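Below: one structure, written as structure tokens.
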Amino acid sequence: MTAPVPGVLAPVPGILAAASALPGDPVDNAALAARFGLDAAWIETFVGTRTRYFAADLATGERTHTLADLCAEAARRALDGAGTGAADIDFVVLATATPDRLMPATVNIVAERLGVDRVPTYQLQSGCAGAVQAFDVARMLLKEPSHRTGLVLGGDVCVKHLPLHRDVRGLPPRELVNLMVFADGAGAAVLTSARAAGRLAVPKVLNQLTGLGRRPGQTIEWYGAADLDGADRDGPPVPASEDYKAIESEVPDLAVELMWDLLSELGWAAEDVGHLLPPQLSGRMTGAITARLRDDVKAAREISCVARTGNNGNALPFLQLERLLEEIAQGGRALCLTVESSKWIKGGLALERE
């Protein structure tokens, strides 16, 4: 990747490099089924995800990676890919639904590991649309003359919310589905406001809450000691649950709306889109969403990863961007779409190879 040209600003910010980090070895459906007494064929049919990555040992439940571990690894790879050092970074933004702790913020632990200091840092608490929100914040920061290069991170360690030590066969579907769908990982991207050959320009970011009057499609609790005092009396608390049917029904429509919102605001035609990065929920659901989107962008090449990586939340767009940077030709255009079901958020990126 060509380094930014000193003193020459671009009209829109661009991505110099993107990278990801996944913990350990992939866990396939056979291993998941054997561990929890489930049916591997049922997982494949119902969820459509073939493998996923956990930041814990499936057999013992022992944690193997933190979110900070994964974010720092992805960040180092992105910085290397961009030919950029820690001293060049003017700010860091991290999006996650699962920080390692409430305090200190995970973003600051990552910055310390990278040797980044005396710059603004931001941590956004959000689900699947958080990565797009982080890009939105980065674009605004890059309008400041003193900010030329920023590091954007996204990731989640969902395994902390999964019942690895329980007999899950009697769990209701709203809880059981999380074990089959969610996984762990992190991603990073280096953005710059300076001109550089081969940048992936980001001419538009759309970040829109659409949840007025709608029930949340997903809930993740955050427990403290006082919350757990009555757990023995009332039964174990449910850390995460989701309305899978509502998500299955709502997300395809929201993804189509988001795609046309981006196209219309940019003045792009559907046939201008060469690559499509659709929402990554599960292998089965992403397939259904993409089928709907293809009614309008028939020629676009799909970049999906969730069937291989599992749903690792805020890491997913970075996994897609990493592949897009390898594939997209000069002048090529792409749309990256995300839909967060927790309170129904649409988030998207328009991308163009310069």
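Is it the case that THR51 is of a type in the set (S, T, N, Q) and out of contact with any Lys or Arg (no Cβ under 8 Å at 6 or more places or on another chain)?
Taking the combined requirement at face value, the residue does not satisfy it.
Hey, any hits in the stretch 141-153 for a residue that's modelled with pLDDT of 90 or more and among the β-branched types (Val, Ile, Thr)?
The answer is yes; a qualifying residue exists.
Within the stretch 48-76, how many residues are farther than 18 Å from LEU319 by Cβ and among the aliphatic types (A, V, I, L, M)?
Total satisfying the criteria: 4.
Which of the residues that make up the stretch 33-74 are at pLDDT below 90, surrounded by 19 or more Cβ atoms within 10 Å (Cβ to Cβ) and in a helix (DSSP H, G or I)?
PHE36, ILE43, GLU44
In the stretch 14-23, is there at least one residue being within 23 Å of ARG166 (Cβ to Cβ), touching a residue at least 12 places away in the same chain (Cβ under 8 Å) and not assigned by TED's automatic domain parsing to the domain that holds LYS245?
Taking every residue of the stretch 14-23 in turn, at least one turns out to be within 23 Å of ARG166 (Cβ to Cβ), touching a residue at least 12 places away in the same chain (Cβ under 8 Å) and not assigned by TED's automatic domain parsing to the domain that holds LYS245.
For the condition touching an Asp or Glu at 6+ places or on another chain (Cβ under 7 Å), farther than 23 Å from VAL93 by Cβ and crowded, with 24+ Cβ neighbours inside 10 Å, what is the one hit in VAL159, VAL181, VAL177?
VAL159
Residue by residue, here is whether (1) aliphatic (A, V, I, L, M); (2) surrounded by fewer than 24 Cβ atoms within 10 Å (Cβ to Cβ); (3) outside any helix (DSSP H, G or I) holds:
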residue: ALA307; (1), (2), (3): yes, yes, no
residue: PRO317; (1), (2), (3): no, no, no
residue: LEU325; (1), (2), (3): yes, yes, no
residue: ALA329; (1), (2), (3): yes, yes, yes
residue: LEU335; (1), (2), (3): yes, no, yes
residue: VAL339; (1), (2), (3): yes, no, yes
residue: LYS343; (1), (2), (3): no, yes, yes
residue: GLY347; (1), (2), (3): no, no, yes
residue: ALA350; (1), (2), (3): yes, yes, yes
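Taking the condition in the same structural domain as LEU258 (by TED's automatic domain parsing), within 30 Å of THR286 (Cβ to Cβ) and either outside any strand (DSSP E or B) or out of contact with any strand residue (DSSP E or B) (no Cβ under 6 Å at 6 or more places or on another chain) (or both), does PRO163 pass?
no
Results for (1) in contact (Cβ under 8 Å) with a residue 60 or more places away in the chain; (2) surrounded by fewer than 23 Cβ atoms within 10 Å (Cβ to Cβ); (3) in contact with a Cys (Cβ under 8 Å, 6 or more places away or on another chain); (4) in a strand (DSSP E or B), shown as yes or no for each residue.
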site: GLY81; (1), (2), (3), (4): yes, yes, no, no
site: LEU94; (1), (2), (3), (4): yes, no, yes, yes
site: PRO104; (1), (2), (3), (4): no, yes, no, no
site: TYR122; (1), (2), (3), (4): no, yes, no, yes
site: ALA131; (1), (2), (3), (4): yes, no, no, no
site: MET140; (1), (2), (3), (4): no, yes, no, no
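In this structure, does SER126 turn out to be polar (S, T, N, Q), modelled with pLDDT under 95 and farther than 20 Å from THR338 by Cα?
Spelling it out, it is not the case that SER126 is polar (S, T, N, Q), modelled with pLDDT under 95 and farther than 20 Å from THR338 by Cα.
Pull up the stretch 142-153, narrow it to residues that are in contact (Cβ under 8 Å) with a residue 24 or more places away in the chain and outside any strand (DSSP E or B), then point me to the one that is surrounded by the most Cβ atoms within 10 Å (Cβ to Cβ).
The selected residue is LEU142.
Only one of (1) in the same structural domain as MET285 (by TED's automatic domain parsing); (2) more than 15 Å from PRO279 (Cβ to Cβ); (3) modelled with pLDDT under 75 is not met by ASP232, so which one is it?
Status for ASP232: all satisfied but (1).
Inside the stretch 192-213, can you point out the residues that are under 23 Å from the mean Cα position of the chain (by Cα), assigned to a loop (DSSP other than H, G, I, E, B) and not small (Gly, Ala, Ser)?
ARG199, THR210
Say whether the condition of being aliphatic (A, V, I, L, M), in the same structural domain as THR66 (by TED's automatic domain parsing) and assigned to a strand (DSSP E or B) is met by at least one residue in the stretch 169-182.
Checked the stretch 169-182: no residue is aliphatic (A, V, I, L, M), in the same structural domain as THR66 (by TED's automatic domain parsing) and assigned to a strand (DSSP E or B).
The values are calculated or read from the model by the stated rules, or taken from the named source; none is laboratory data. What you see is a predicted model, and the numbers here were worked out from it, not measured in a lab. As a convention, Cβ positions derive from the backbone with ideal geometry for all residues, glycine included, and neighbour counts pool all protein chains shown.
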